[in-house]
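Below is one structure, written out as structure tokens; the observations come after it.
The values are calculated or read from the model by the stated rules, or taken from the named source; none is laboratory data. These numbers come from a predicted model, not from an experiment. Here the Cβ is made from the backbone with ideal geometry for all residues, glycine too, and neighbour counts use every protein chain on show.
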Amino acid sequence: MLNDIYAVKLEIFEGPMDLLVYLIRKNEVDIYDIPISMITEQYLAYIELMKMMNINLAADFIHLAATLAQIKSRMLLPSHGIESDEEEDPRLAIARPLIEYLQMKNAADELFKRELLDQDIFTRTPDKEDIPQVEEDGTIEIGIFELIKAFNTVLANMKKEHKVDLESEKISIKDRMMELIGILEEKNSLVFDELFDGDRFKRDIIVTFLAILEMAKMSLIKIIQHIQSGVIRLFYV
């Protein structure tokens, strides 16, 4: 079966809280007023998409999904017409740890910026010049969840004749990584959507995406999106 052949143990370099933060920011909602039903549905949709790509999810992802589902259930319970100021909003069960997580993440980011400052003062890496400056050219560096969203669009736009063919020659994630690295060494950058053009089987499309995730995890590439056009490019580091 395809799942047995291409099961991937891929460490998610952004965790379950990062996915929740991403969804909250994407939907522009208040942490203290989370539309729990909508966020829960979107969170579960991302988990299902990652499962479909045979990414082994950490238990923390499943635990947070269960927590969101529990809060959603509590929100749906009838109040029996009794309003109590002392009754705690069920959403605080996720809002409190989320705020604590953001505080720790912000503190870690500040420490990381100090390390980068020292790096800029004492050393300079020539390769960085090949990567566009985010602030100056209207681009942003995106993470795994934005990339998964983009890949979901690729899958949705796939032609119906794209089918899994277990009889065709199979390409491994490692082999696909070597192919992509060879192209990037020559061109320096690649447009994300163009990697899935052509007559590829669905299996090959998924393998290509998993290869991109592995390369990002290994810090071989940076993933940059143009803000206005939405075009995503992979840059060889």
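Things to note:
- Which numbered condition ALA66 misses (of (1) modelled with pLDDT under 85; (2) assigned to a helix (DSSP H, G or I); (3) exposed (fewer than 12 other Cβ atoms within 10 Å of the Cβ)): (1)
- Selection within region 182-237 - closer than 18 Å to GLU14 by Cα, part of a helix (DSSP H, G or I) and either modelled with pLDDT of 90 or more or not basic (Lys, Arg) (or both): PHE209, LEU210, ALA211, ILE212, LEU213, GLU214, MET215, ALA216
- Residues within region 201-237 that are under 23 Å from LYS51 (Cβ atoms) and of a type in the set (Phe, Trp, Tyr), tallied: 2
- Residue count for region 210-230, restricted to those that are farther than 15 Å from MET177 by Cβ, loosely packed, with under 15 Cβ neighbours inside 10 Å and in contact (Cβ under 8 Å) with a residue 24 or more places away in the chain: 3
- Within region 179-201, the set of residues being surrounded by 16 or more Cβ atoms within 10 Å (Cβ to Cβ) and farther than 21 Å from GLY143 by Cβ comprises ARG200, PHE201.
- Here ILE99 fits the description: modelled with pLDDT of 90 or more and either of a type in the set (Lys, Arg) or more than 30 Å from ALA211 (Cα to Cα) (or both).
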